[in-house]
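Each remark here refers to the structure printed beneath this line.
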Amino acid sequence: MIEFGKYNKLIVVKILEHGAYLDGEEQGEILMPHKYVEEHVSVGDEVEVFVYKDTDDRPIATKERPFAQVGDFACLEVVDTNQYGAFLDWGLIKDLFIPFREQKLKMEVGNRYIVHIYIDTETERIVGSAKIEKFLDNVPPTYAIDEKVDILVYGYTDLGYNCIINNLHRGIIYQNEIFDDLHFGQETSAYIKKIREDDKIDLYFHKKGLEGSQDVADIILDKLKNNSGILHLGDKSPSEQIYMEFGISKKQFKKAAGHLYKKGLIKINPEKIELI
């Protein structure tokens, strides 16, 4: 069964001057325009294509790879607007349409917004919505503690950064758990720290235990290499100073530094560490 707005593996049934026709099963033959047909492709071959509908609502197959597909959340830029809504660049010739009813605020050209891509049940067209909350937390979270997940940063509060987890749930990374700079629309990975009784999810960046120490240790090592082998932080350094430099607790810093010390990579002094 063809999935619009997603990647499909389809069989080539014929090749004509203007493109290849693919077996779209119940949708009939689907055109893949000539510019996407590679020289080695022949009838009977299976090709992976992204399937959507063109401006005339005809199924079309492309080798272009959009920034996201149906079911995903993405941070996209508005390239045009009209009396019906906004059009966002999602990596295809045909822009993604966001109706006015699916905008929180009126979208403006040049701005980027977090949107959810879905198929409108009334029109059967691929559209987007900036009202992302209605597409989140609709199934109970079943993550394991310390499980690695994909996140998309979509907001900031005094507590920390709000994130979309695996295109399914909302989560938060608190300020004291942030090591690297984060920004709106950033896609990265994190770990499940806690699932609370109300199903709200807390996240963190660095794994606990040895593997987590290694993550932080690698960054400390890079910092040392970029600072002539000396870092003016040690066992006696104030927690605030360590947090200002790395965005982590003193406990995390000492654990990672200890890991480097045991490997014979650094010397630890009360107020500094040195690269050996």
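A few comments on the model shown:
- Scanning segment 111-120 for residues that are in contact with a Phe, Trp or Tyr (Cβ under 8 Å, 6 or more places away or on another chain), surrounded by fewer than 19 Cβ atoms within 10 Å (Cβ to Cβ) and not hydrophobic (A, V, I, L, M, F, W, C) yields a count of 2.
- Number of positions in segment 16-64 that are more than 17 Å from LYS6 (Cα to Cα) and of a type in the set (A, V, I, L, M): 5
- Of all the numbered requirements in (1) without any contact (Cβ under 8 Å) to a residue 60 or more places away in the chain; (2) in contact with a strand residue (DSSP E or B) (Cβ under 6 Å, 6 or more places away or on another chain), LYS35 misses one, and that requirement is (2).
- Any hit, segment 122-130, residues being in contact with a helix residue (DSSP H, G or I) (Cβ under 6 Å, 6 or more places away or on another chain), part of a strand (DSSP E or B), small (Gly, Ala, Ser) and under 30 Å from PRO59 (Cβ atoms): yes
- Residue, surrounded by the fewest Cβ atoms within 10 Å (Cβ to Cβ), within segment 33-79, restricted to residues that are assigned to a loop (DSSP other than H, G, I, E, B) and hydrophobic (A, V, I, L, M, F, W, C): VAL43
- Against the criterion of being free of Cβ contacts under 8 Å to residues at least 60 places away in the same chain, in contact with a Leu (Cβ under 7 Å, 6 or more places away or on another chain), among the acidic types (Asp, Glu) and within 30 Å of VAL109 (Cβ to Cβ), ASP80 does not qualify.
- Residue within segment 144-164 that is touching a helix residue (DSSP H, G or I) at 6+ places or on another chain (Cβ under 6 Å), modelled with pLDDT of 95 or more and in a strand (DSSP E or B) present: no
- Per the conditions (1) among the acidic types (Asp, Glu); (2) assigned to a loop (DSSP other than H, G, I, E, B); (3) more than 28 Å from the chain's Cα centre (by Cα); (4) under 24 Å from THR121 (Cα atoms), the sole criterion not satisfied by GLU3 is (3).
- Single residue of segment 126-142 satisfying the filter (within 18 Å of the chain's Cα centre (by Cα) and touching a residue at least 40 places away in the same chain (Cβ under 8 Å)) that is farthest from SER189 (Cα to Cα): GLY128
Listed here are the residues, each with its yes/no results for (1) closer than 29 Å to TYR204 by Cβ; (2) of a type in the set (Lys, Arg); (3) surrounded by 14 or more Cβ atoms within 10 Å (Cβ to Cβ).
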| position | (1), (2), (3) |
| --- | --- |
| PRO99 | no, no, yes |
| VAL109 | no, no, no |
| GLU122 | no, no, no |
| PHE135 | yes, no, yes |
| ILE145 | yes, no, no |
| ILE151 | yes, no, yes |
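- You will find that of GLY229, GLY234, the residue that is outside the structural domain of SER189 (by TED's automatic domain parsing), surrounded by 15 or more Cβ atoms within 10 Å (Cβ to Cβ) and of a type in the set (Gly, Ala, Ser) is GLY234 and no other.
The values are calculated or read from the model by the stated rules, or taken from the named source; none is laboratory data. If you're wondering where the values come from, they're calculated on a predicted model, not measured in any experiment. Methodologically, a virtual Cβ is constructed for each residue, glycine included, from the backbone with ideal geometry; neighbour enumeration extends over all protein chains shown.
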